[in-house]
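Below: the structure, in structure tokens.
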Amino acid sequence: MDDKEAKKEEKKPIVVKNATDLQRLKLEKLMKNPEKPVVIPEPPKQKSLAAAPDFVRNVMGSSAGAGSGEFHVYRHLRRKEYARQKFIQEKSEKEKLDEEYHKKIEENRKAAEHKTAKKRAKRLKQKMKAKLKGKKPKTNNTANNSSQSDSDSNSEDEANEKNEEGENKDLSLSENKNEETVKQ
């Protein structure tokens, strides 16, 4: 009897309460047979209307000159033309929105690049300041003459390095400015 009760419980219909439950059920069904190929439907294609006819036969209006049977033909042509005009308007509106969206993305990207370049320049400036600060010569007043001459030669080397770093800093800043003008 346990087998029958277990089968009854398994055969109970599962009530789908929300989209998550539905997705879970579909995944469970797919995972029961992993060798079975999964078919992914293609996205819907964009609709398009037939081009407007170059030459329209049986041109008539809704005036009294047309026969009673011609009104339905007129109404059909009118409805078709209105649908075509509506489609053209919707298409142009969609293109306009897409263009605005791409413009906004481009502006955001340029703003982010500008901000990044500005922060990069600031980091480099701080880095150079830290290098210059860390390489200041340490003078010792109690040292003898030989150590003073050594420290003098060291201080000259450090001064040369500072000058080179200052020139490199000026070059890097000018390069950053050139990059920013090219990007803009």
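Mind listing the phi-derived Karplus ³J(HN,Hα) values for region 74-82, rounded to whole Hz, using 6.51, -1.76 and 1.60 with θ = phi - 60°, and x for any glycine or proline?
So the Karplus estimates, Gly and Pro as x, are 4, 4, 4, 5, 5, 4, 5, 5, 4 Hz.
How long is the gain from residue 28 to residue 40 if the chain were fully straight, where each residue apart is worth 0.36 nm and the alpha carbon distance is subtracted?
Result: 2.7 nm gained on full extension.
List, in order, the whole-Hz ³J(HN,Hα) value for each residue of region 22-31 obtained from phi through the Karplus relation with A = 6.51, B = -1.76, C = 1.60 and θ = phi - 60°; use x for Gly and Pro.
Rounded to whole hertz, the list is 4, 5, 4, 4, 5, 5, 4, 5, 5, 6.
Can you run phi through the Karplus equation (6.51, -1.76, 1.60; θ = phi - 60°) for region 12-19 and list ³J(HN,Hα) in whole Hz, with x for Gly and Pro?
4, x, 8, 8, 8, 9, 8, 5
Coordinate-derived values only; no laboratory data. What you see is a predicted model, and the numbers here were worked out from it, not measured in a lab.
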